[in-house]
Structure formats: structure tokens, C-alpha cells
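One structure below.
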Amino acid sequence: MELAGKTAFVSGGGGGIGGGMAEAFVEKGMKVVLADVQLDYAKEEAARLGEQALPLALDVTSLDSWAAAREAAIARFGRVDVLCNNAGVSTTWTSLDQFSPEEFERVMAINVTGVFYGIRTFAGDMRQRGSGHIVNTSSMNGLSPYRGLATYSASKFAVFGLSDAVRDELAQDGVGVSTLFPGLVRSRMSMNRASGAQGSGVSREALEARMMDPLRVGRAVARAIETDAPYIVTHPEHKAHFEARCRALLDAFDAGLEPG
Ligand SMILES: NC(=O)c1ccc[n+]([C@@H]2O[C@H](COP(=O)([O-])OP(=O)(O)OC[C@H]3O[C@@H](n4cnc5c(N)ncnc54)[C@H](O)[C@@H]3O)[C@@H](O)[C@H]2O)c1
């Protein structure tokens with residue numbers, strides 16, 4: 001899809017990666033809606049980007065909130081061509097058996113149901129027009145889970161599965177879908193995770209040094225929309241870990257059911 005002149009709607013647009021996507025889109029000549037449950041964060045990012053950017057309040061766990069944000073976006077820019085379901089929350093490093101059930105529900109509501117609600121809100125318009133693109137933010141944790149982050153990983157695996165299926169569902173109507181699998185990127189979330197990293201076995205300094213500039217991620221997302229790429233991988237250094245997991249799974253296919 002050619003991006004110049006189009007409008008993108010970014011949930012979690014007040015955050016690091018959302019802000020990076022918005023900046024990359026504005027570089028391409030797009031208008032952007034920065035929608036965030038923290039309206040102040042969205043306003044901060046929008047102020048950086050000028051009048052092409054509209055900050056909006058959005059709670060991705062509420063369909064009413066999505067409907068109101070869609071209306072406000074259309075009132076300002078006429079239509080939404082690109083939807084980035086990017087809002088998300090991380091978790092503390094906790095073994096799953098000790099994880100709070102309420103927190104599990106909350107993470108799933110934001111990271112998974114929020115993506116579903118975004119698609120429900122905007123995919124119909126895109127289908128009708130026969131064009132559009134949706135980008136869903138998963139994570140490296142949505143390909144290779146890590147100990148201590150079971151709930152977060154489960155939510156990001158769900159985004160991957162949902163996203164791949166929806167790509168098949170919408171392709172016939174000219175709507176593209178991509179899944180973004182970032183590794184460590186500079187943002188409030190990753191900085192918070194770095195401060196609580198004792199449980200991960202990795203020092204805060206080591207984590208901070210590895211954080212990618214969110215604008216690089218945003219530019220990769222813009223390129224993926226232009227080329228209708230199904231997957232966006234920003235941190236190739238995780239390939240070997242993922243490959244080992246895939247190999248173990250493929251071996252299980254080959255092992256068969258019967259002994260010998
Ligand atoms: N930063 C990383 O290293 C990293 C790595 C892999 C995946 N991710 C994913 O990238 C996405 C963006 O995260 P980030 O790193 O930019 O973190 P961030 O905390 O800077 O941004 C996330 C934004 O989502 C917003 N948000 C939270 N709950 C919301 C809700 N109910 N409704 C609307 N907005 C809500 C927050 O206010 C915040 O501004 C998330 O889905 C995250 O899981 C981040």
C-alpha cells in the first residue's frame with residue numbers, strides 16, 4: 001500500500017513503539033491518530049509530530065471507547081487506512097503458579113481482547129473499501145516464551161495466532177495484516193522491566209544497552225505495510241533461539257506416535 005496521504009490509527013500511541021510508528025508514518029506523509037488510555041502520553045507524542053497527529057483517549061478493553069475513538073478519527077481525517085493494534089502491558093517476572101488471577105485477566109483483556117476489539121471496530125470499513133492494512137504488535141515472547149513471563153507470552157502467542165488467521169480472512173477483500181515481533185525496544189514498558197529485571201538473571205545495565213530506538217521499529221512497520229509483509233522481525237539476534245524451538249517441534253512431527 002502506498003502510504004503518502006493515508007491515515008493511521010495507533011493504539012498505545014502515547015508509548016515508545018507507538019510513538020516510533022507514528023513518527024515513521026508522518027515521515028511517509030501520513031496523518032496519525034495516537035490513541036492511548038493515558039491521554040497525556042498521547043498528547044506528548046502528538047505535540048512532537050505537529051498537526052498531522054491527533055491524540056485521543058482510548059481504552060482498548062472497551063468497545064464503546066473504540067467506537068468513540070473511531071468516530072473522532074473519522075471526523076478529523078475522513079477515514080482510517082491503517083490500524084496498528086499496539087497497546088499492551090507487560091508483567092512482573094513471576095512464576096505462573098504464583099501469578100495473580102486478576103492480573104492474568106487484565107493482561108489478556110488489554111493484550112488480546114484489545115486487539116480483537118480494534119479489528120472489530122475498523123476491519124468492516126476497510127473491507128467495504130477493498131483496501132487497508134492492520135498491524136498487530138506481538139513480541140519475541142510471542143515466538144519464544146521465557147521463564148517468568150508466561151502470562152505475557154501467552155497473550156503475545158494469542159496475538160500471533162489471531163493475526164495469522166485474520167490475514168487469511170481479510171486477504172480476499174484487499175486488506176493486509178502484519179504481525180510485529182519486536183525484541184527489546186526503548187519505551188516506558190521496557191525501562192520498567194529493566195528496573196525489575198532482578199528475576200530475569202540479566203542486569204538492568206545490560207538490558208538498557210540492548211534497547212532499540214523505536215523509530216527504527218516504526219520504519220520497519222511502514223516498509224511492511226508498503227510491501228504487505230506478513231511478519232516484521234526487528235531483532236534477528238533471536239533467530240537461533242527460535243530455530244531451536246522450531247526444530248524441537250519438527251522433531252516431534254517426525255517422531256510419530258508409535259515407539260520404534
Ligand atoms: N518495548 C519492548 O521491548 C517490547 C518488546 C516486544 C513487544 N512490545 C509490545 O509493544 C507494544 C508497545 O509497548 P511499548 O514497549 O511501546 O510500551 P509503552 O508502555 O511505552 O507503550 C504501551 C502503551 O499502551 C498504553 N496502554 C496500556 N493499556 C491500555 C489500554 N487499556 N488502552 C489503551 N492503551 C493502553 C499505555 O498507556 C502505553 O502508552 C506492547 O504491545 C508491548 O507488549 C514491546
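None of the figures in this text is laboratory data; all of them are computed from the coordinates on show. Please read these numbers as outputs of a predicted model, since none were measured by experiment. Because the Cβ atoms are built from the backbone with ideal geometry, glycine has one as well, and the counts that use them run over all protein chains shown.
Amide hydrogen proximity for THR7: with H placed 1.01 Å from N in the peptide plane, the residues at 5 or more positions away or on another chain lying under 5 Å are LYS31, ASP81, VAL82.
Whole-Hz Karplus values for segment 163-174 come out as 5, 5, 5, 5, 4, 5, 5, 9, 4, 5, 9, x Hz, taken residue by residue from phi with 6.51 cos²θ - 1.76 cosθ + 1.60 and θ = phi - 60°; glycine and proline positions read x. Peptides 209-216, 132-139 ranked from most to least packed, by the mean per-residue count of other Cβ atoms within 10 Å: 132-139, 209-216.
The fraction of all Cα pairs in segment 7-255 landing in successive 5 Å bins from 0 to the largest distance is 1, 6, 13, 18, 20, 17, 11, 7, 3, 1, 0, 0, given as whole percents. Bridging of LYS31 to lysines at a Cα separation below 22 Å is possible for LYS6, LYS43, once same-chain residues fewer than 8 apart are set aside. Close amide H pairs (under 5 Å, H built 1.01 Å from N) link MET212 with VAL185, ARG186, residues at least 5 positions away or on another chain.
Antiparallel versus total DSSP beta bridges in the chain: what percent is that, nearest 5? Could the numbers behind the result be given before it?
Values: 0 of 27 bridges.
Approximately 0 percent, going by the DSSP bridge assignments.
Using 0.36 nm per residue, how much length does the chain from SER195 to ASP173 gain when fully extended, once their Cα-Cα distance is taken away? Provide the component values of the computation, followed by the final result.
Numbers: separation 22, 0.36 × 22 = 7.92 nm, distance 4.47 nm.
Using 0.36 nm per residue and subtracting the Cα-Cα distance, I get 3.4 nm.
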